[in-house]
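Participant: Dropping a structure here in structure tokens format, bear with me for questions.
The values are calculated or read from the model by the stated rules, or taken from the named source; none is laboratory data. Please read these numbers as outputs of a predicted model, since none were measured by experiment. A quick note on method: Cβ atoms are made from the backbone with ideal geometry, for glycine too, and the neighbour counts reach across all protein chains shown.
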Amino acid sequence: MQPVTADFLGTLQSKVNLDVQADSIFWFPETAEYPVTVTYDLKDIRSSCYEESYLKTKNKYGFFLDDNHAFIEIDTDYHNGKTLFVIKDSYANCFVPMLIPYYEKIYVMDLRYFNGRLFRFMEGYEPEEGMDVLVLYNCIHFLEDFAYLE
């Protein structure tokens, strides 16, 4: 585990502008060694889950998964036939890259940016053999966004 920045202040500090001590953001650099194709919002294709340009901005947490997107597809080079569908908010962005060595395909949905019926959408990506589903979401916000689960 290595730090990528030591001057992260976060969203709350941006809103209230209090004098607080900066925090560090860490990552596992070995996760960047796995070959991936990452598609953001069905159109923007990249070869990494990390975007270093965010480390020079106020939004340093955007380093993980290129900030927030409604839908992300990650195709890995790990051919085991396993698929994962992650339902998440921004807190999960730093965790998702650590899942790459375990799944061939990872789909990531952020309900805060999604306008549709989640289960219908998921059915379009589920392989015949099924898929794992992981919910990494702030509980209160998940319950507020519960309408998407119909």
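Participant: Scan (1) farther than 30 Å from ASP132 by Cβ; (2) of a type in the set (Lys, Arg); (3) surrounded by 16 or more Cβ atoms within 10 Å (Cβ to Cβ) for the single condition LYS58 breaks and write down its number.
Facilitator: For LYS58, the exception is condition (3).
Participant: I've got another one for you. Could you tell me which residue of segment 30-75 is farthest from PHE121 (Cα to Cα), considering only residues that are at pLDDT 95 or above and among the β-branched types (Val, Ile, Thr)?
Facilitator: Only one residue fits best here, namely VAL36.
Participant: Taking segment 122-138 on its own, how many of its residues are part of a strand (DSSP E or B) and over 15 Å from ASN80 (Cβ atoms)?
Facilitator: 4
Participant: Kindly list, by first and then second residue, each pair from a residue in segment 96-121 that is touching a residue at least 40 places away in the same chain (Cβ under 8 Å) and part of a loop (DSSP other than H, G, I, E, B) to a residue that is surrounded by 15 or more Cβ atoms within 10 Å (Cβ to Cβ) and of a type in the set (Ser, Thr, Tyr), limited to pairs with Cβ atoms under 7 Å and residues at least 6 apart or on different chains.
Facilitator: Cβ pairs passing all conditions: PHE114/TYR148.
Participant: A further question on this structure: Taking strands (runs of 3 or more DSSP E) that do not extend beyond segment 3-80, which have at least 2 residues that are within 13 Å of ILE100 (Cα to Cα) and within 15 Å of the chain's Cα centre (by Cα)?
Facilitator: 36-40, 71-76
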